[in-house]
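Beneath this line is the structure, given in structure tokens, with notes to follow.
The values are calculated or read from the model by the stated rules, or taken from the named source; none is laboratory data. Just so it is clear, the structure is predicted and the values come from calculations on it, not from any experiment. Cβ placement follows ideal geometry from the backbone for every residue including glycine, while neighbour counts extend to all protein chains displayed.
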Amino acid sequence: MDLTSLTIDAARSSVQERKTTALALTEAHYARIKQEDGQIGAFLTLSKERALEQADRIDRMAAEGKTLPPLGGVPVGIKDVMSTRGVRTTAGSKILEKYIPPYDCTAVGRMEEAGAVVLGKMNCDEFAMGSSNENSGFYPVHNPRDPSRVPGGSSGGSAAVVAAGTAVASIGSDTGGSIRQPAAFCGVVGLMPTYGRCSRYGLIAFASSLDHPGPFGKTVKDTALMLQAMAGRDPLDSTTADVPVPNYSEQVGEEIAGMKIGVPLEYFEDGLDPDVRAGVEFGIQELANAGAEIVPLSLPHTGYAIPTYYVIATAEASSNLARYDGVRYGLRSSEGKTLSEMYRRTRDAGFGAEVKRRIMLGTYVLSAGYYDAYYLKAQRVRSLLARDFDEAFAKVDVIVTPTTPTPAFKLGEKADDPLAMYLADIFTVTADLVGIPGISIPCCESKEGLPIGMQILGKHFDEATVLRVAHVAEHALASRAE
Ligand code: GLN
């Protein structure tokens, strides 16, 4: 049995049935990390001690004949923006290079309660700002499918470990596309839950009204199992909603005959890569073959999503990042002669270029003279985007689009052109602004053999339907490929 190619259910049941042990699974993954991760760069920190302790706990449960929890013995990776007690958490930034949190974020706590084994912390763009992982303060991540290309960002490490088989599943965060876009680039499944479905407690904040923690997996079912463990009200995050969490795996496998699937024309305009267009149209056809009704529709404010996102996200970031002042967290420059000079030197040395760019932009749009013209205007457009989706979801159950306008690009290709980089999120940012759930599943390959992602968006708190449609598409496409 190849221990690094298992899905969650297969891994858990082989530990339960004593065909292998959680320890053997964990060690097989560390061996693979040693072999593969030098070229990929997805790990920033390994948490071996913690992983082995948890594996031992799970093995003892299995030995005693106890039923393992749903992720029992499953090795997972955690994006380095999620705080882990006693394990270095950098947010991909030099300013937190040596930061060791005294507590766990809720997502990691819940993962471990569900039996998962945390292998380590995944590389990402600094403070989750980026679309290629090239903004990591440490080193870039390479796409396991083609190391000359980026894995996407900002959760590039979390997508890459699943693609490379160096973890069974992982957690990332999506503020403007950072789960779905890297999932598409690396050929894995990435799910952004509804805003308020999963706790942000202990997630290092980028833009608080947009940050969504969520899972990556090899299959749709795996992301359903991960979401099950993460989801639900958390008294430590007042923005988590007190709404029931359905049994997601039960929905996975249900038919979709009669369901209405919206296809927004604004997502298929000129400029879309022809292979992406063909791939996603093929995926949509598979959903029609499965009995769904395809409904063309319009989301008229789509064109305003990118500028709206970059006003709101930078405004929130400039305020969230004010806390890195050299006093409370991480790095402190020893060179300043006065307090304010110490602040300046710390922030100058600790933050990378993209983070500084965003702090300046965000400070500008929030400044007294420009608040109404930019920040307030952006919030108004955000309401219009939400209305587009309300109207669409009155007619359809889910909306299907490409996840990205092109497949993975080359390292360096857009690194000096922030505006071109921002456009990589053109199909993903809207769902973050509106707070609805979305998934990216691999739908086919480009002529060059690169993965192409298909995005399925759903109504607030209706991840179940998103997963159900995604699962039907996944299976139809897999049987096509055979
Ligand atoms: N690429 C987008 C940005 O740079 C989204 C990042 C994210 O979702 N964290 O802001």
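Observations
- Any hit, the stretch 428-443, residues being part of a helix (DSSP H, G or I) and either closer than 20 Å to residue 188 by Cβ or over 18 Å from the mean Cα position of the chain (by Cα) (or both): yes
- Helices (runs of 4 or more DSSP H) wholly inside the stretch 328-413 containing at least 2 residues that are within 16 Å of the ligand (Cβ to nearest atom), among the hydroxyl-bearing types (Ser, Thr, Tyr) and exposed (fewer than 13 other Cβ atoms within 10 Å of the Cβ): none
- Selection from the stretch 65-84 of residues that are over 22 Å from residue 137 (Cβ atoms), in a loop (DSSP other than H, G, I, E, B) and not β-branched (Val, Ile, Thr): 65, 66, 68, 69, 70, 71, 72, 73
- All positions within the stretch 8-19 that are within 26 Å of residue 42 (Cα to Cα) and either outside any helix (DSSP H, G or I) or in contact with a strand residue (DSSP E or B) (Cβ under 8 Å, 6 or more places away or on another chain) (or both): 8, 11
- Being within 11 Å of the ligand (Cβ to nearest atom), surrounded by 24 or more Cβ atoms within 10 Å (Cβ to Cβ) and modelled with pLDDT of 95 or more holds for only one residue in 170, 178, and it is 178.
- The residue list 161, 108, 118 contains one member that is in contact with a Leu (Cβ under 9 Å, 6 or more places away or on another chain), outside any loop (DSSP other than H, G, I, E, B) and away from the ligand (no atom under 16 Å from the Cβ), which is 161.
- Pairing each residue of the stretch 310-322 that is closer than 13 Å to residue 127 by Cβ with any residue that is surrounded by 24 or more Cβ atoms within 10 Å (Cβ to Cβ) and of a type outside the set (A, V, I, L, M), provided the two are 6+ apart or on different chains, yields C-beta distances under 6 Å for 314/358; 314/362; 317/206; 317/358; 317/362; 318/362.
- Residues (part of a helix (DSSP H, G or I), touching a residue at least 24 places away in the same chain (Cβ under 8 Å) and either surrounded by fewer than 17 Cβ atoms within 10 Å (Cβ to Cβ) or not small (Gly, Ala, Ser) (or both)) located in the stretch 20-33: 23, 25, 26, 29, 30, 32, 33
- Residue in the stretch 302-324 that is over 25 Å from residue 385 (Cα atoms), more than 16 Å from the ligand (Cβ to nearest atom) and touching a helix residue (DSSP H, G or I) at 6+ places or on another chain (Cβ under 8 Å) present: yes
- Residues of the stretch 460-478 include none that is in contact (Cβ under 8 Å) with a residue 40 or more places away in the chain, within 16 Å of the ligand (Cβ to nearest atom) and in contact with a Ser or Thr (Cβ under 6 Å, 6 or more places away or on another chain).
- Annotation note: Cβ proximity below 6 Å between a residue of the stretch 407-420 that is within 23 Å of residue 361 (Cβ to Cβ) and a residue that is surrounded by fewer than 16 Cβ atoms within 10 Å (Cβ to Cβ) (sequence gap 6+ or interchain) occurs for 414/420.
- Residue satisfying all of: in the stretch 123-147; touching a strand residue (DSSP E or B) at 6+ places or on another chain (Cβ under 8 Å) and over 26 Å from residue 319 (Cβ atoms); surrounded by the most Cβ atoms within 10 Å (Cβ to Cβ) among these: 143
- Among residues of the stretch 174-196 that are without any contact (Cβ under 8 Å) to a residue 40 or more places away in the chain and at positive phi, none has a Cβ under 7 angstrom from a residue that is within 13 Å of the ligand (Cβ to nearest atom) and among the aromatic types (Phe, Trp, Tyr) at a sequence gap of 6+ or on a separate chain.
- Of everything listed in (1) within 22 Å of residue 446 (Cα to Cα); (2) in a helix (DSSP H, G or I), the single unmet condition for residue 229 is (1).
- Cβ-Cβ under 7 Å pairs, at least 6 apart or on other chains, the stretch 225-241 side farther than 15 Å from residue 203 by Cβ, far side of a type in the set (Val, Ile, Thr) and buried (at least 20 other Cβ atoms within 10 Å of the Cβ): 225/8; 233/240
- Within the stretch 181-202, the only residue that satisfies the criterion of being among the aliphatic types (A, V, I, L, M) and within 11 Å of the ligand (Cβ to nearest atom) is 192.
- Screening residue 36 on (1) free of Cβ contacts under 8 Å to residues at least 24 places away in the same chain; (2) over 21 Å from residue 230 (Cβ atoms); (3) in a helix (DSSP H, G or I) shows it passes everything except condition (1).
- Among the residues here, residue 478 qualifies as among the aliphatic types (A, V, I, L, M) and surrounded by fewer than 21 Cβ atoms within 10 Å (Cβ to Cβ).
- Filtering 131, 136, 154 for residues that are within 21 Å of residue 47 (Cβ to Cβ), assigned to a loop (DSSP other than H, G, I, E, B), near the ligand (Cβ under 9 Å from one of its atoms) and not charged (D, E, K, R) leaves a single hit, 154.
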